[in-house]
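Enquirer: Sharing a structure with you now.
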Amino acid sequence: MNILDILLQQSPALIVATPLLGAFLTPLIGKLGYNVRNIFIIIILAVTAFLVFLLASDVFSGNIHTYVFGGTTSTVLSNTVIRILFEVDGLSIFMAIITVILSLAAVIYSWAFMREETGQDKYYTLLLLMTTGMFGMVLTGDLFNFFVFLEITSIASCALIAFWTHKAKAVEAAFNYMVISTIGALFVLLSIAFLYGKYDALNIAKLASRITPVSFSFIDKLSLILLLAALTMKAGIAPMHMWLPDAYGRAPASISIILVGATQASLYGVFRICFTLYGNVIQIPEVSLGWIMVILGLITMLIGVFMAMIQIDFKKLIAYGALAELGYMFLGVGTGLTILSNPQLSLASNSFALQAMKGGIFHIINDALDVGLLFLVAGAVYYATKESSLNNLGGIARNMKYTTVFFLIGLLAVSGIPPMNGFASKLLIYESVYQLNPILAIIAILASIMLLAIMVKVFYSAFLGPKIDRFQDIREAPKSMLIAMGILASLIIFFGLFPDLIVNTLVEPAVKAITHPTSYILWLTGGV
Amino acid sequence: MFEQLLKTFDTGNGYWNPLVWGFAFLIIFLIIYILRGRGNPSYKRGTEQTKVFLSGNPEYENKELLHVKASNLYWGWVESTKWVINTLKKMHTGRANDYILWFTFMIAIFMLLLGVI
Amino acid sequence: MDIGTVSITILTVIFGAIGVTLFGIIIGLLYKGIDRKIAAHMQGRVGPPIRQPFLDVIKLFVKENIVPDNAIPWVFHLAPIIGLIASITILLYLPIGGFPAVLDGIITSKGDLILLLYLLIIPSLALVTGGFSSGSPYAIVGAQREMATMIAYEFPLAIIIVTIAWRLSLMQNVSHVFTLSTITSIPLWNILGPLGFIGMILLLLTLIIVTPAELSKIPFDAPEAETEIAGGLLVEYSGRNLAMFYLTDAVKTVAMGSIIIALFFPYNLSPILSMNGYPAYIIDFLFYLLKLFLVILFSVTLIRVGVARLKIDQIVYTYWVPLTLLALIGLICIMWDQTIMTQFGIPSVVEILGLT
Amino acid sequence: MIANIPFLAVMAMIIIGLATVVFKRNLIKMVIGVSIIESGVNLFLITLGYREHSVAPIYTASPGGIMSYPVPQALTLTSIVIGVAVLALMLSLVIYIYRHYKTLDIRKLGGGEE
């Protein structure tokens, strides 16, 4: 067995352990100096990235990778022994890839962005902890473990939202987020307790195999509702989204971009619960959540664009844009769920449902890149001008050429103009959801045009316009920030130019993973 | 590998090939660029010509006043959808207890829809 | 894929692009001249000669290309070029007369309606960006009006496009309903019953009213409004940059007209006259020019002469309430058509008229 | 009936907690509300593992007889630990809010829109 095989075997644990170790080593390494610590953190995340891609290569070849802490798979099979285990399928690794891209970009960006701040050791520790939490959420195969990682993520992210404690609004947003996410997480815990009480298991696969149409009862419904409500709230689906623009808008830009990933990890939780945990009972009429998801998606989309239209705070505006983007994912995946949960229809005869799910899942990574890039640009503008209100900005394209170009790329991508990546996923969504109901596609197209108008407004009021004396001698953002933006921008263009490649390699396994819950469940009995 | 990269993105209901489009875009760019190059590129820098056109009104000393504020953009659109926007604005109070109220409200909605109550 | 096919593909794209560019610009300018002539006659004027738009462009190329102080130069220069190129690329996906679209079948790439919808946005986006980048209050007011108009008309336009594709998706053995080649090969008029026919007419009506806004013509020209904001988003443009926008407008007119033809009148004369070979191409092309003329006459010239300019909030209202309702009624008519036809055994309109 | 009392207490605590968070304007009271919900959930977990006349589930020093479920207790411990962290963080945020606004009344804070 060579070292790669061993690494591959241990990788699920290592992906979580590496940033966790890094987090607690950071204050120590921080004593050695500014550059040493930053290089250390980048190395930690690079190693994690390597492990993620190593694991991805295995998972994409069709395996479900499991890792049992302190035991082997056979120990889990017996009913009495409880073990924490990680179970990685296509969707998990897809989310892990998003997480690693976002956190790498954020850390590279922070190098210059956070240079002047105090308390950087704590900042990086919390950042790595947050990354750990997100990895844990998407990789774990255990419900209670999911709750623990959810809490780790939300505690770390709350502390980071309030990182600029001198800003009253930032602290307020953090407090709101904390109240909401704690209550949400407690409801998740409550429903986990319900499920544990009824089925005597915490393992997602085991629970899923025990929740059958025969056993389905009031308790299952109740815990489904609580899980769904709490996780959609944490994912920022309207009308429980109000914390999201505040939190995104008030946090430092490098944190906003990871928060995008954290929200999406909650979204992953929603999908995991709807498709896998309740995979066996998906066709019971009360559980067919497809239409609920679709309608929530539409509401999210519309509220996002309408509210973004009147925002004047740069980052808050982008946050509302991000909200609208979340709606697309829900729309796409919800359409798939509607068909999947209808006993009369099947995925085979309705290939559009599969396409819609592909679109929704593809949009997750596109949204992470596009919105992430826009947040980074907003941060760069703030860094250069110390101004966050669009009303006071203007004409900075003269001084910040690269940032302007990056913003243009982000603008085109987020509003889905060809040939950027947003267009490919939106095309998939439009050209499939219309078959469920034409109105869905129409509203989605409308929202996308409005998103364009919103972003053009930002482009004008921040970057274009006459020379303003106050901004006469602002300088281009520092190199590390440009590199971070450049990474995201080049990924956006790459994804835009080769959508077919990306859909086939990245998205297809993820879609397969959630539309075939049996393979996730069946490894328990030794099958694949 | 090369053909894999060239493959058209097939959504099941339509096609999209960014590379072909991009190639055509480049060709047309060349044509247009040549065409544009035949035009007159010069103008008199720093003269009255380059001043902003304000129907003869004097330009402000402070150029910032020329910059239309972000909150004034899309007036016509905001005007005709005022009722939606005002309703939405009222929803976003910025207080955690209202947010939790929405959360409880949504739990109730889910319970109604899923037939628990 | 061997070298031969690759080089043929590349050559097709190159020559197609050149041909379409020339076609779009020349026909666009020609129709602009005809439009102006007819409008003048309707207003009791003599009007300029038909070749006037060509002369205008030549004149603009000779004039100075002023870059105002307040503009961001690279955005200011780039916007007109991108707009023109994007509007020409729309033509690459459209069948013109009896010819298939240039990009049809290049590595299985085909024209797609959603793609066209988005490509139509790019010229307007370029116009808006150009206006915003010129740093003049007039231009900014015009640009933001253009953007608001765009949001407004995109709603009914999306309804039209999705409805047509949705109706086609109900048919057996039809795949890729969003591709133009599918849409032109199965004209909806041939399969719809009476109710759907009415719906289709409503959609056509909506599209005809959307067109002037897409091309910023009266009554939806609030972004340019010469009498009010002095040419709006074009106020600072001059010389060859203005010529680019002038050409964009001309090409976009042809593109928009061709989209209406492809969606609603994809018929050709040659099958009826049972001709083939070169005469068929010629007769189809001439027929296409006639169709284009009629479409532009109705959707641009007549509306432009007959109606006065609307205020910007009235534009948004017009599109979001009456026209969206009109399009939605069309959508509902077409949605119910299938059920009613099978329920009551009503034949399609074409069968009633005995045209099969 | 008597066995159901813990569950009723759990329901009551969660509802009281929610009501506190929704209706109280004082930030500290909101934190207390969150804390009450948390205790309710913990109580529920513990109740799940309870068995009548059972002993602590420690194998090495067991006096014999039935044991209570160990897993819910482990879960509760974890949850309590997390709860402490959450509580500490929330209270420290409240301190910062107080420093900025000189009030704990949520209606007098900045709010969402400016």
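The values are calculated or read from the model by the stated rules, or taken from the named source; none is laboratory data. Quick caveat: nothing in here was measured; it's all calculated off a predicted structure. Please note: Cβ atoms are built from the backbone with ideal geometry, for glycine as well, and neighbour counts cover all protein chains shown.
Enquirer: Go through (1) crowded, with 20+ Cβ neighbours inside 10 Å; (2) more than 7 Å from every other protein chain (Cβ to nearest Cβ) and name the single condition B:TRP16 misses.
Expert: For B:TRP16, the failing item is (2).
Enquirer: Pull up region C:93-118, narrow it to residues that are touching a Pro at 6+ places or on another chain (Cβ under 9 Å) and under 16 Å from B:PRO18 (Cβ atoms), then point me to the one that is farthest from the other protein chains (Cβ to nearest Cβ). Steps first, please.
Expert: Taking region C:93-118 as the starting set, the residues that turn out to be touching a Pro at 6+ places or on another chain (Cβ under 9 Å) are C:95, C:101, C:104, C:111, C:115, C:118.
When the remaining residues are screened for being under 16 Å from B:PRO18 (Cβ atoms), the result is C:111, C:115, C:118.
Details: C:GLY111: 8, C:LEU115: 6, C:TYR118: 6 Å.
Only one residue fits best here, namely C:GLY111.
Enquirer: Let me ask something additional. Within region C:304-340, can you find the residues that are over 28 Å from A:ILE443 (Cβ atoms) and part of a helix (DSSP H, G or I)? Don't jump to the end; show me each part of the working.
Expert: Step one: of region C:304-340, the residues over 28 Å from A:ILE443 (Cβ atoms) are C:304-309.
Passing the criteria: C:ARG304, C:VAL305, C:GLY306.
Enquirer: Exactly one condition in (1) over 30 Å from A:ALA308 (Cβ atoms); (2) modelled with pLDDT under 80; (3) more than 7 Å from chain C (Cβ to nearest Cβ); (4) assigned to a helix (DSSP H, G or I) is not met by B:PRO58; state its number.
Expert: Just one mismatch for B:PRO58, condition (4).
Enquirer: Only one residue in C:PRO223, C:PRO219 is more than 30 Å from C:GLU351 (Cβ to Cβ), modelled with pLDDT under 80 and crowded, with 24+ Cβ neighbours inside 10 Å. Which one? Lay out the reasoning, then the answer.
Expert: Numbers: C:PRO219 fails: crowded, with 24+ Cβ neighbours inside 10 Å.
Unique residue meeting the criteria: C:PRO223.
Enquirer: So, in region B:93-117, of the ones that are more than 10 Å from chain D (Cβ to nearest Cβ) and touching an Asp or Glu at 6+ places or on another chain (Cβ under 7 Å), which residue ends up surrounded by the fewest Cβ atoms within 10 Å (Cβ to Cβ)?
Expert: Result: B:GLY115.
Enquirer: Please indicate, with yes or no, whether at least one residue in region C:267-289 is part of a helix (DSSP H, G or I), of a type in the set (A, V, I, L, M) and within 14 Å of chain B (Cβ to nearest Cβ). Walk me through it before giving the result.
Expert: Going residue by residue through region C:267-289, those that are part of a helix (DSSP H, G or I) are C:270-273, C:278-289.
Subsequent filtering for residues that are of a type in the set (A, V, I, L, M) retains C:272-273, C:280, C:282-283, C:286, C:289.
Checking which are within 14 Å of chain B (Cβ to nearest Cβ) leaves us with none.
Taking every residue of region C:267-289 in turn, none turns out to be part of a helix (DSSP H, G or I), of a type in the set (A, V, I, L, M) and within 14 Å of chain B (Cβ to nearest Cβ).
Enquirer: Hey, another quick one. Please identify the pairs in which a residue from region B:40-53 that is among the aliphatic types (A, V, I, L, M) has its Cβ atom under 8 Å from the Cβ atom of a residue that is surrounded by 10 or more Cβ atoms within 10 Å (Cβ to Cβ) and at pLDDT 75 or above, counting only partners at least 6 apart or on another chain.
Expert: Taking only residues 6 or more apart or on different chains, the pairs are B:VAL52/A:PRO466; B:VAL52/C:PRO68; B:VAL52/C:ASP69; B:VAL52/C:ASN70; B:VAL52/C:GLY135; B:VAL52/C:SER136; B:VAL52/C:PRO137; B:VAL52/C:GLU236.
Enquirer: Let me ask something else about it. Within region D:72-105, which residues are touching a residue at least 12 places away in the same chain (Cβ under 8 Å), under 30 Å from A:ILE192 (Cβ atoms) and either polar (S, T, N, Q) or within 11 Å of chain A (Cβ to nearest Cβ) (or both)?
Expert: Those that are touching a residue at least 12 places away in the same chain (Cβ under 8 Å), under 30 Å from A:ILE192 (Cβ atoms) and either polar (S, T, N, Q) or within 11 Å of chain A (Cβ to nearest Cβ) (or both): D:PRO72, D:GLN73, D:LEU75, D:THR76, D:SER79, D:GLY83, D:VAL86, D:LEU87, D:MET90, D:LEU91, D:VAL94.
Enquirer: Please tell me if A:LYS426 is touching a Ser or Thr at 6+ places or on another chain (Cβ under 8 Å), within 14 Å of chain B (Cβ to nearest Cβ) and either touching a residue at least 24 places away in the same chain (Cβ under 8 Å) or surrounded by 19 or more Cβ atoms within 10 Å (Cβ to Cβ) (or both). Full working, then the answer.
Expert: Values: touching a Ser or Thr at 6+ places or on another chain (Cβ under 8 Å): yes; within 14 Å of chain B (Cβ to nearest Cβ): yes; either touching a residue at least 24 places away in the same chain (Cβ under 8 Å) or surrounded by 19 or more Cβ atoms within 10 Å (Cβ to Cβ) (or both): yes.
Judged against the criteria, A:LYS426 is a match.
Enquirer: What residue, of C:VAL251, C:VAL210, is more than 14 Å from chain B (Cβ to nearest Cβ), part of a helix (DSSP H, G or I) and crowded, with 20+ Cβ neighbours inside 10 Å? I'd like the intermediate steps shown before the answer.
Expert: Values: C:VAL251 fails: more than 14 Å from chain B (Cβ to nearest Cβ).
Of the residues listed, the single one that is more than 14 Å from chain B (Cβ to nearest Cβ), part of a helix (DSSP H, G or I) and crowded, with 20+ Cβ neighbours inside 10 Å is C:VAL210.
Enquirer: Show the residue pairs meeting these rules: Cβ distance below 6 Å; 6+ apart or different chains; first residue within region B:71-92 and more than 13 Å from chain C (Cβ to nearest Cβ); second residue among the small types (Gly, Ala, Ser).
Expert: These pairs meet every condition: B:HIS92/D:GLY112.
Enquirer: Among the residues of region A:145-158, count how many are surrounded by fewer than 24 Cβ atoms within 10 Å (Cβ to Cβ) and in contact (Cβ under 8 Å) with a residue 60 or more places away in the chain.
Expert: Within region A:145-158, residues that are surrounded by fewer than 24 Cβ atoms within 10 Å (Cβ to Cβ) and in contact (Cβ under 8 Å) with a residue 60 or more places away in the chain number 1.
Enquirer: Something else: Return the residue satisfying two criteria in turn: it lies in region C:300-356 and is of a type in the set (D, E, K, R) and within 14 Å of another protein chain (Cβ to nearest Cβ), and of such residues it is surrounded by the fewest Cβ atoms within 10 Å (Cβ to Cβ).
Expert: Within region C:300-356, the first condition is being of a type in the set (D, E, K, R), and the residues that meet it are C:304, C:309, C:311, C:313, C:337, C:351.
Narrowing the set further to residues that are within 14 Å of another protein chain (Cβ to nearest Cβ) leaves C:309, C:311, C:313, C:337.
On the way: C:ARG309: 19, C:LYS311: 15, C:ASP313: 19, C:ASP337: 25.
Per the criteria, the residue is C:LYS311.
Enquirer: Go through region C:1-57 residue by residue and tally those that are charged (D, E, K, R), more than 14 Å from chain B (Cβ to nearest Cβ) and buried (at least 16 other Cβ atoms within 10 Å of the Cβ).
Expert: Restricting attention to region C:1-57, the residues satisfying the condition of being charged (D, E, K, R) are C:2, C:32, C:35-37, C:45, C:51, C:56.
Filter once more, keeping what is more than 14 Å from chain B (Cβ to nearest Cβ): C:32, C:35-37, C:45, C:51.
From what's left, buried (at least 16 other Cβ atoms within 10 Å of the Cβ): C:32, C:35-37.
Residues flagged as charged (D, E, K, R), more than 14 Å from chain B (Cβ to nearest Cβ) and buried (at least 16 other Cβ atoms within 10 Å of the Cβ) within region C:1-57 amount to 4.
Enquirer: Restrict the check to region A:78-85 and report whether at least one residue is at pLDDT below 90, β-branched (Val, Ile, Thr), farther than 26 Å from A:ASP367 by Cβ and assigned to a helix (DSSP H, G or I). Don't jump to the end; show me each part of the working.
Expert: Here is the first cut: in region A:78-85, the ones at pLDDT below 90 are A:78-85.
Going one step further and asking which of them are β-branched (Val, Ile, Thr), we end up with A:80-82, A:84.
If we keep only those that are farther than 26 Å from A:ASP367 by Cβ as well, we get A:80-82, A:84.
Still in the list and also assigned to a helix (DSSP H, G or I): none.
There is no residue in region A:78-85 that is at pLDDT below 90, β-branched (Val, Ile, Thr), farther than 26 Å from A:ASP367 by Cβ and assigned to a helix (DSSP H, G or I).
Enquirer: Given (1) outside any loop (DSSP other than H, G, I, E, B); (2) under 18 Å from the mean Cα position of the chain (by Cα); (3) modelled with pLDDT under 85, identify the lone condition not met by C:ILE90.
Expert: C:ILE90 satisfies all of (1) outside any loop (DSSP other than H, G, I, E, B); (2) under 18 Å from the mean Cα position of the chain (by Cα); (3) modelled with pLDDT under 85 except (3).
Enquirer: Separate question: Please specify each residue of region C:151-161 satisfying the condition of being in contact (Cβ under 8 Å) with a residue 60 or more places away in the chain and either facing chain A (nearest Cβ under 7 Å) or under 30 Å from C:ALA71 (Cα atoms) (or both).
Expert: C:ILE151, C:ALA152, C:TYR153, C:PHE155, C:ILE159
Enquirer: Whether any residue in region B:64-75 is farther than 24 Å from A:GLY395 by Cβ, out of contact with any Cys (no Cβ under 9 Å at 6 or more places or on another chain) and surrounded by fewer than 19 Cβ atoms within 10 Å (Cβ to Cβ) is what I want to check. Walk me through it before giving the result.
Expert: To start, the set of residues in region B:64-75 that are farther than 24 Å from A:GLY395 by Cβ comprises none.
No, every residue in region B:64-75 fails to be farther than 24 Å from A:GLY395 by Cβ, out of contact with any Cys (no Cβ under 9 Å at 6 or more places or on another chain) and surrounded by fewer than 19 Cβ atoms within 10 Å (Cβ to Cβ).
Enquirer: Could you say which residue among A:ALA17, A:ALA56 is in a helix (DSSP H, G or I) and crowded, with 19+ Cβ neighbours inside 10 Å?
Expert: Working: A:ALA17 fails: crowded, with 19+ Cβ neighbours inside 10 Å.
Exactly one residue qualifies, and that residue is A:ALA56.
Enquirer: Within region A:501-519, identify whether any single residue is over 26 Å from the mean Cα position of the chain (by Cα) and at pLDDT below 90, and answer yes or no. Working first, answer last.
Expert: Initial filter on region A:501-519 (over 26 Å from the mean Cα position of the chain (by Cα)): none.
So far as region A:501-519 goes, no, none of its residues is over 26 Å from the mean Cα position of the chain (by Cα) and at pLDDT below 90.
Enquirer: Inside region A:444-516, counting only helices (runs of 4 or more DSSP H) that do not spill past its ends, which hold 1 or more residues that are in contact with a helix residue (DSSP H, G or I) (Cβ under 7 Å, 6 or more places away or on another chain) and without any contact (Cβ under 8 Å) to a residue 60 or more places away in the chain? Outline the logic, then answer.
Expert: Details: elements: A:479-497, A:499-502, A:508-515.
Output list reads A:499-502.
Enquirer: Within region C:1-41, can you find the residues that are of a type in the set (D, E, K, R) and within 20 Å of the chain's Cα centre (by Cα)? I'd like the intermediate steps shown before the answer.
Expert: Initial filter on region C:1-41 (of a type in the set (D, E, K, R)): C:2, C:32, C:35-37.
If the condition is that a residue be of a type in the set (D, E, K, R) and within 20 Å of the chain's Cα centre (by Cα), then C:LYS32, C:ASP35, C:ARG36 are the ones that fit.
Enquirer: Considering (1) basic (Lys, Arg); (2) loosely packed, with under 12 Cβ neighbours inside 10 Å; (3) over 30 Å from D:GLY33 (Cα atoms), say which one B:LYS51 fails and leave the rest.
Expert: The single condition B:LYS51 does not satisfy is (2).
Enquirer: Does region A:85-92 contain any residue that is over 20 Å from A:ALA23 (Cβ atoms), out of contact with any helix residue (DSSP H, G or I) (no Cβ under 8 Å at 6 or more places or on another chain) and not charged (D, E, K, R)?
Expert: If we filter region A:85-92 for residues that are over 20 Å from A:ALA23 (Cβ atoms), which is where we start, we get A:85, A:87-92.
Checking the rest, the ones that are also out of contact with any helix residue (DSSP H, G or I) (no Cβ under 8 Å at 6 or more places or on another chain) come to none.
The answer is no; no qualifying residue exists.
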